[in-house]
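Worksheet: the structure to be examined is printed underneath.
Bear in mind these aren't lab numbers, they're just calculated from the coordinates by the rules spelled out. Here the structure is a predicted model, which is why all the values come from computation and not from measurement. Please note: Cβ atoms are built from the backbone with ideal geometry, for glycine as well, and neighbour counts cover all protein chains shown.
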Amino acid sequence: MQKIILFLLVLFSQTIFSAAKITETEKLVATCKVWGFLKYYHPKVASGQLDWDKQLLEKLPKIEKAETKEDFSLILENWIDELGPIKEVTPIAASKEVEYFDKNFDLSWFNNSQVFSKKLSQKLKFIEQNRFQGDQFYVYGLDRVGNVGMRNENRAHPDFTNKYSKLRMVFMFWNLAEYFFPYKYLMDQKWDTTLVEIIPLAIQADNQADFYTVMRKFASKLDDSHTEVYVYPNATAPSPKPSNYFPASAKIIDEKLVVTEILADSLAQADDIKVGDVITKVNGKTIKEAIAEKRGLLSASNEAKFLDKIAPSLLVTKADTVKVEFLKNGKYITKTMIWHDYHDSHRNEFKKGARKKKEKFKLLDDNIGYVDMGILTGKNVPDMIELLKDTKAIVFDLRNYPKGTIDDIANFISPKENKFAIYTVPDLNHPGRYKWGDGTSCGTENKDHYKGKVVVLVNEETQSHAEWSAMAFRSTGNATIIGSQTSGADGNISVFDFEGFRTLFSGIGVYYPDKGETQRIGIVPDIEIKPTIKGIQEGRDEVLDRALFFIEAGDLKTGATTNPKVNLKEIPSLKN
């Protein structure tokens, strides 16, 4: 009798379990994963033989009606069967010469018994083992560099009143990053969790503005400084009101906005705006409150770059007037300002004399050279070398985006060839997996290389090619890096491009030759120094000042000095 009761209890519990309800979000998350997996893995889908978007839009209403795991799984099983048989080709031999990087690769979701039947899990595994081998229909590997580009996609605005149309775009973006974003493993939040959060928000957003705000939140979760979002209106929509701008640029320091450069001098003079002015509120909102509002809408690899991205967004408006609170001489002063669209080309009358002309390279006092890497071009390098070759030190300023001059400079400063970076690139024959690619070297055998000190300046504006250049400088063994945390985003960009929405992300992984990471960390300076409000108000470049201290004082880490005139006690303390 006890055995019969036990048998009935087991049978009853199995029946209850098998009939367990499945939520809408669970179904849609699982559908997103299956649809994306088949898009890149199923031979018939990945080769472009089917209208895969159309199939998704046809299946979603049926999936919506499924109430249990069994019903849901059966729909997906039948969908896979409808695609036709798959030729068994296992095992697909991996090249013995390939070294894989698998921190991103995870198809364990196949075995999620909460939403998938055992039969469906087996079908998915079989498809992976007999996956498509050939030119992917929806993505292609960019020549030489390895990151992917989108192709053969319907890039029109979704129908913002149709949840299936919106979900198609959500599914597309999630899967593109799932399989082809090399730093997925470094996100603060698991990409699966982000999908769970975004799907309900996307369904609720029933107009362009709200939906693309959801997509901004989505993209922000990449935690990648390369990720910028561009939103464009429908062609039928009225032209948007032009933006108006504060007449200067500014930097966030200590939760305040500090004016760093005048961009429109006549406008700045009219409102008595000067470099070093401290802004504490814009339209009644503190800078701290504005920072909090922007979290979740902007993507950045680290806090330094996040603040750098926020600052310009606080200095633009569609409004006719703006109330700005300043802190001057210990007193808070509120001004009602009219900002202007001086960024327009026909507004040059506002900008006469505002920006000082920059020099590509020059001699500073005490026989020290200075090079602005943001404006130095390849054709300028020979003249730069000729002028600065006999200096005791050269400061290379990388607080900008350089113009591809690092190879020629490395040949000048390095005594030998040095490997400075290696890469991970996506394996399009096994999407989601990455391969270690070739490395890059700089410098050449050169007995007559530059013998003076080399100093490189960096900050949060040092991003991508600039960070890559800093890695090259460091590999020469003759460079000291001074400044603050860099952007932490390197690797050629991939693009998710729609008619009304465009965003970017790092497309290949960039590492030191020992496989040390740079993403999110950035280039760690040998000597850390950040600008201060006081320094900006005094008109000083504190990062350059620290570099000049270093050059004159010798080895600040040990206390040794090559210049007896330098008093080490007067030099600000160093973290390193």
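Name the GluC sites (Glu not before Pro) in the range 464-531 that are in a loop by DSSP and that have at most 16 other C-beta atoms within 10 Å, would you? Qualifying residues, ordered by number: Glu499. Annotation for the range 494-541: trypsin sites (Lys or Arg not before Pro) lying in DSSP loop with at most 11 further Cβ atoms inside 10 Å of their Cβ are Lys515. Each residue of the range 118-124 is assigned a 3J(HN,Hα), and the resulting list reads 4, 5, 5, 4, 5, 5, 5 Hz, derived from the Karplus form 6.51 cos²θ - 1.76 cosθ + 1.60 (θ = phi - 60°), x at Gly and Pro.
Kirkwood analysis of the Cα pair distances in the range 19-231 returns a hydrodynamic radius of 18.3 Å. Calculated from the structure at hand, Cα Rg over 2.2 N^0.38 Å is found among (i) 1.15; (ii) 1.25; (iii) 1.07 as (i). Could you tally the net charge around Gly378, taking each other residue with its Cβ under 12 Å from the Cβ of Gly378, Lys/Arg +1 and Asp/Glu -1? Net local charge, Gly378 excluded: 0. Kirkwood-type hydrodynamic radius, the range 244-343: 13.7 Å, calculated from all non-identical alpha-carbon pairs.
Sorting the segments 27-39, 264-276, 220-232, 385-397 by their residues' average number of neighbouring beta-carbon atoms within 10 angstrom, most packed first, yields 27-39, 220-232, 385-397, 264-276.
Couplings for the range 526-536, taken from phi via the Karplus curve 6.51 cos²θ - 1.76 cosθ + 1.60 with θ = phi - 60°, read 6, 10, 9, 8, 10, x, 10, 4, 4, x, 5 Hz in order; Gly and Pro are left as x. Values of log10 I(q)/I(0) for the range 295-346 across q = 0.24, 0.26, 0.32 Å⁻¹ run -0.96, -0.98, -1.13, by the Debye formula with one identical scatterer at each alpha carbon and no solvent.
Under the convention that each Lys and Arg Cβ holds +1 and each Asp and Glu Cβ holds -1, the size of the dipole of the range 361-570 around its Cα centre is about 360 debye. Taking label positions 7 Å along the Cα-Cβ direction at both Asp514 and Ser313, the computed distance is 3.7 nm, reported to one decimal. The packing ranking of peptides 40-50, 469-479, highest mean first, is 469-479, 40-50, where packing means the average number of other beta carbon atoms within 10 angstrom of each residue.
In this simple spin-label model, placing a label point 7 Å from the Cα along the Cα-to-Cβ direction at both Thr377 and Glu153 gives a separation of 3.4 nm. Measuring between their Cα centroids, the range 507-529 and the range 211-284 lie 28 Å from each other. For the range 272-329, relative contact order (Cα pairs under 8 Å, six or more residues apart, normalised by length) works out to 59 percent. Among the GluC sites (Glu not before Pro) in the range 34-136, those placed in a DSSP loop whose Cβ has at most 16 other Cβ atoms within 10 Å are Glu67, Glu88, Glu97, Glu99. Given +1 at the Cβ of Lys and Arg, -1 at the Cβ of Asp and Glu and no other charges, the dipole of the chain around its Cα centre is 660 debye to the nearest 20. Cα-Cα over 26 Å: which of Lys217/Lys530; Lys379/Lys416; Lys69/Lys125; Lys96/Lys403; Lys21/Lys103; Lys294/Lys358? Exceeds cut-off: Lys217/Lys530; Lys96/Lys403; Lys21/Lys103; Lys294/Lys358.
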